[in-house]
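Only the coordinates and a few stated rules stand behind these numbers; no lab work does. These numbers were taken from a predicted model, which means no experiment stands behind them. For neighbour counting, all protein chains shown are included, and Cβ atoms are generated from backbone atoms with ideal geometry for every residue, glycine included.
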Amino acid sequence: QPSQQTLTRFFARP
Amino acid sequence: MLEGKLEQASLFKKVVEAVRELVQDCNFDCTENGLALQAMDTSHVSLVSLLLTADGFSEYRCDRNLALGINLVSLTKILRCGNNEDILTLEAGDSADSLVVRFENTQQDRMSEYALKLMDIDQEHLGIPETEYAASITMPSTEFQRICRDMQSISESITIDCTKGGVKFTCEGDIGSGSVTLKPNSSADKPELCTKIDLSEPVSLTLSTKYLLNFCKATGLSQQVTLKLADENPILVEYPLSAGHLRFYLAPKLDE
């Protein structure tokens with residue numbers, strides 16, 4: 001089963 | 001001071017309905033350009049980005065930037081006190097501790113006013129990078145909803161494969177599998193029923209069915225939805241509004 005990524009991995013925190 | 005008047009309460013009611021399951025507490029950022037909201041769901045898998053531009057309001061005034069901390073469950077309770085056709089006015093002073101919500105019926109003989117207590121929300125805004133999407137698919141929003149609904153009972157994941165020839169939605173679960181393929185089509189007399197694919201290279205993403213279906217709560221806001229895909233990047237699901245947009249981002253599932 002593929003694993004769910006989180007958005008913070010792709011989008012930068014300020 | 002914020003004062004925004006919408007000729008139909010239904011727009012705001014639908015927008016809040018569409019996001020309230022993903023996001024509970026969030027700041028509505030009010031500027032002279034309009035109302036904006038950016039918030040992640042609690043598991044940090046998806047992000048909602050709403051923009052209602054000032055020109056979508058029949059009257060709009062915001063002389064100082066305001067962040068209105070709102071609990072969407074509470075806001076929903078108040079919005080349900082108004083009818084869809086009512087004129088809706090949102091009002092908040094510069095250091096107000098509540099948002100005033102006013103409804104006025106079209107006959108202008110019934111006015112109601114509610115105040116929603118505001119919260120102090122420390123919210124981090126994520127920087128959404130400029131992405132070059134490999135594929136952009138515009139399709140009827142009801143079709144997208146149907147696919148997500150049909151596939152939810154089969155699998156937790158939906159794989160979207162996009163090529164020049166069409167877009168294929170695939171699901172695979174314990175009971176079996178399924179797929180739906182849509183080819184680009186055009187109909188001049190009913191552009192809202194068209195499927196359009198802009199593709200620079202074939203792309204494939206695997207995404208959570210549950211979240212995609214959640215985004216479909218926005219179906220009533222727009223007849224068309226646009227899916228933007230880039231390999232191993234979050235999908236962008238966009239519902240255009242007459243003045244602004246409702247965007248959802250969802251991180252992909254990746255093979256380990």
When the scattering of the stretch B:111-256 is computed by the Debye formula from its Cα atoms alone, each counted once and equally, what is log10 I(q)/I(0) at q = 0.18 Å⁻¹? -1.08
Sorted from fewest to most neighbouring beta carbons within 10 Å, what does the list B:ASP198, B:ASP55, B:ASP189 look like? B:ASP189, B:ASP55, B:ASP198
Ranking B:ARG146, B:ARG110 by Cβ neighbours within 10 Å, fewest first, what do you get? B:ARG110, B:ARG146
Can you give me the Rg/Rh ratio for the stretch B:23-108, using Cα atoms for both radii and the Kirkwood formula for Rh? 0.97
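Quick check: convex hull of the Cα atoms in chain B, volume per residue, rounded to a whole Å³?
Working: hull volume 36.8 nm³, N = 256.
Value for chain B: 144 Å³ per residue.
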Please list, in chain and number order, the residues 5+ apart from B:SER157 or on another chain whose amide H is under 5 Å from its amide H, with Hs placed from the backbone. B:GLU172, B:THR209
Taking the 0 to 90 degree range and rounding to the nearest ten, how far is the long axis of helix B:141-152 tilted relative to the main principal axis of chain B, both from C-alpha atoms? 60 degrees
So which aspartates and glutamates pass the test for B:LYS14, namely a Cα distance under 14 Å, with those fewer than 8 places away in the same chain ruled out? B:GLU85, B:ASP86
Name the long-range amide H neighbours of B:ILE128: under 5 Å, sequence gap of 5 or more, or other chain; modelled H, no Pro or chain starts. none
Nearest 10, in degrees from 0 to 90: the angle of helix B:9-19 to the longest Cα principal axis of chain B is 50 degrees
Given just the C-alpha atoms of the stretch B:203-256, how large is their convex hull per residue in cubic angstrom? 74 Å³
Enumerate by residue number the trypsin sites (Lys or Arg not before Pro) in the stretch B:159-217 meeting two conditions: DSSP loop (anything except H, G, I, E, B), and at most 13 other Cβ atoms within 10 Å of the site's Cβ. B:LYS164
Can you give the log10 of the normalised intensity I(q)/I(0) at q = 0.13, 0.19 Å⁻¹, computed with Debye over equal Cα scatterers of the stretch B:68-137? -0.56, -0.79
D for the protein assembly as shown, whole µm²/s, Stokes-Einstein with Kirkwood Rh over alpha-carbon pairs at 20 °C and 1.002 mPa s: what number? 109 µm²/s
Roughly how many nanometres apart are two label points built 7 Å out from the Cα toward the Cβ at B:ILE121 and B:VAL100? 2.3 nm
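Only helical DSSP H runs with n ≥ 4 go in: add -39500 (n - 2.57) per run for chain B, normalise by residue count and round the 222 nm mean residue ellipticity to 500 deg cm²/dmol. Write out the running numbers ahead of the final one.
Details: 4 runs with 38 residues, N = 256.
It comes out at -4500 deg cm²/dmol, rounded to the nearest 500.
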Karplus 3J(HN,Hα) series, Hz, for the stretch B:241-253 with 6.51 cos²θ - 1.76 cosθ + 1.60 (x for Gly, Pro): 10, 4, 9, x, 7, 10, 10, 10, 10, 9, 5, x, 8
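Based on the Cα coordinates of the stretch B:172-242, what is the per residue volume of their convex hull in Å³?
Working: hull volume 9.9 nm³, N = 71.
Output value, Cα hull per residue: 139 Å³.
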Among the listed pairs B:LYS168/B:LYS217; B:LYS77/B:LYS190; B:LYS13/B:LYS190; B:LYS5/B:LYS228; B:LYS190/B:LYS217, those beyond 25 Å (Cα-Cα): B:LYS77/B:LYS190; B:LYS13/B:LYS190; B:LYS5/B:LYS228
What are the residues whose amide H is under 5 Å from the amide H of B:VAL225, where those residues sit 5 or more places off or on another chain and H is modelled from the backbone? B:MET139, B:SER141
